[in-house]
1. Please work out how much length the chain gains when fully extended from Leu14 to Ser225, using 0.36 nm per residue of separation minus the C-alpha to C-alpha distance, in nm with one decimal.
2. Taking square-rooted eigenvalues a ≥ b ≥ c of the alpha carbon gyration tensor, is segment 414-475 rounded, prolate or oblate, where a/c under 1.5 means rounded and, failing that, a/b exceeding b/c means prolate?
3. I'd like the FRET efficiency for Ile210 and Ser352, computed as 1/(1 + (r/R0)^6) with the beta carbon distance as r and R0 of 25 Å, rounded to 0.05.
4. Using 0.36 nm per residue, how much length does the chain from Asp476 to Ala265 gain when fully extended, once their Cα-Cα distance is taken away?
5. Sort 343-350, 207-214, 117-124, 450-457 for me by packing, meaning the mean count of neighbouring Cβ atoms within 10 Å per residue, highest on top.
6. Mind giving me the nanometre distance, one decimal, between the label points for Ala187 and Ser429, set 7 Å out from Cα along Cα→Cβ?
7. Between Glu294 and Arg280, what is the spin-label point distance in nm, taking each point 7 Å from the Cα along the Cα→C-beta axis?
8. Using θ = phi - 60° and the Karplus relation 6.51 cos²θ - 1.76 cosθ + 1.60, list the HN-Hα couplings for segment 286-292 in order, rounded to whole Hz, with x at every Gly or Pro.
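Where a number appears in this text, it was derived from the coordinates with a stated rule and is not lab data. Given the structure is predicted, the values throughout are model-derived calculations rather than measurements. Heads up, the Cβs are rebuilt from the backbone with ideal geometry, glycines too, and the neighbour counts pull from every protein chain shown.
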Amino acid sequence: MPEITEAIVLRRYLEHLEADDIEFLRRRPGPRAELAGLLGDLASCGIDQHRKVQVGKSIWKLLFEQAMSSVDPDRRGYERLFRFLDDYVEFEELIFASDPFYRDHTLHSLWVYFLGEYLYRDPAFEHLYGRFLRRVVAPSAREVMELLGREELVRAAGRDQDAIRCIVALCHDLGYPVKKVEKINRAVARILPHFSVTRYQEFHFEYAPIQQSFLDGLARLLATSLTGSETDRFRQALAEHGLEMIAGGFPPETVEGIRRLPEEARQELGAAFEATIKVRLNHQTYLRILNEAEEYSHGFMSAYLLAKTLPAFTAGQLYHVESEEVMPEFFGMFSKLLCLMAIYEHSSPHQSIRGIHTNGAFLTLVDELEEFSRVSRASQNRQYVDEFCGTALDADDGWLVATFRFDRGDPAVIKPELFFRGKAARFLSLFDVPRLDPEFRLRLVCADRLKARPQDFELELSTGKAVLKVDGEARDPGTYLGSPDFGGYGGDGHHRA
């Protein structure tokens, strides 16, 4: 099983960069050359963590600027966002020593992006999220829209997807520092009594009253349910030329038939194509988002920061209606809405993934798989272990197999079983196992090689089935993880309603 490291995902990304496969960097030779140079610098940093962060910060800014400007040419707010990133890095330096397994999130966001591209572009993993790929890329639909002179729909159909994956990976944890305030308060509470300081005011914060309307509007935006389809008028126009659509796009004979039509006939077909978008507010989701806003969920806070900082995210028009509407102006903000939704969703405790069908589900999966950037202060004496554990990813007979191998660091500090319990609980919470897409099957393996007697911990998720094993022996997930949230599975791992 191939091990996945920083060097491997960087090398693969550089190959795609050199092949000009990154959509938002095409026809931009200057930024491509600059990025290639910075990626080379990052690869040469070795264990110099400080230099890594500084180079990583430059890569972050360059990638964001190129990806975001390809989605919307409005660059207002970039300088303010980049100042925040500088402050973010400085803040992380302050709290890095607060946790032996704290992960530098500036670098983590980059590795989530590069790992995501590694998985997304490798045909070996395509079957795991094939519906996601087919829906957003749809080469036949892209070609047809271009033939019909409807290039403005191509962007919504998938051209922005490279940029969207980049933006959401880079920005998904921007709100994370807020989570650390409570830990800082606890540390201050422990140290001040040594100086006979028994009364002090904890650092706390709350939204200003003037922000409530903005928060409410953002919550409504994130709770928007979108569905779309082509109109019957377009299907009828195709049929008049003896052509048809199929589920998921256009068959080759239809594409070829449209290509052979006279220019005037193609224009008439293009005029007949209207994207029907149903825009509705999901009230239950809206209430959940408001609750997460009150709890300062870091996914929501990340989306909030972007929406507040960059005017591009609040430009455009979107109306909540209770019927289908043809909304050509909607496409101008579609990609930005997908970015905000994915960033919010990845930390939502209400997320229930049935398959990798959306940007949010893809981001969440890759975020959980990315562990090779977690630097450990293994012995608590400032001697750092370069990687927390070895990571291997493979596609095996329809399964995504993620193996975390623990064979480095201090066994008195690093606890592989504790790590496995956390990951198992997280995956069981994230995935809607009873209704999991048959196309998606996940096997999580934690291999403890720190002890004299090796141990293996394993979790398998497939449709209606969750099998948890310790050294090959099946365990009840609810009992093993000590939570009724994960009960309901029989000895064979099948979910009992």
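1. Answer, rounded to one decimal: 72.3 nm.
2. It comes out prolate by the Cα gyration axes.
3. The formula returns an efficiency of 0.15 here.
4. Here the segment from Asp476 to Ala265 would lengthen by 69.7 nm.
5. Packing proxy ranking, top to bottom: 343-350, 117-124, 450-457, 207-214.
6. If labels sit at Ala187 and Ser429, their model points lie 2.3 nm apart.
7. Taking the two extended label points, one gets 2.6 nm.
8. 4, 5, 5, 5, 4, 5, 5
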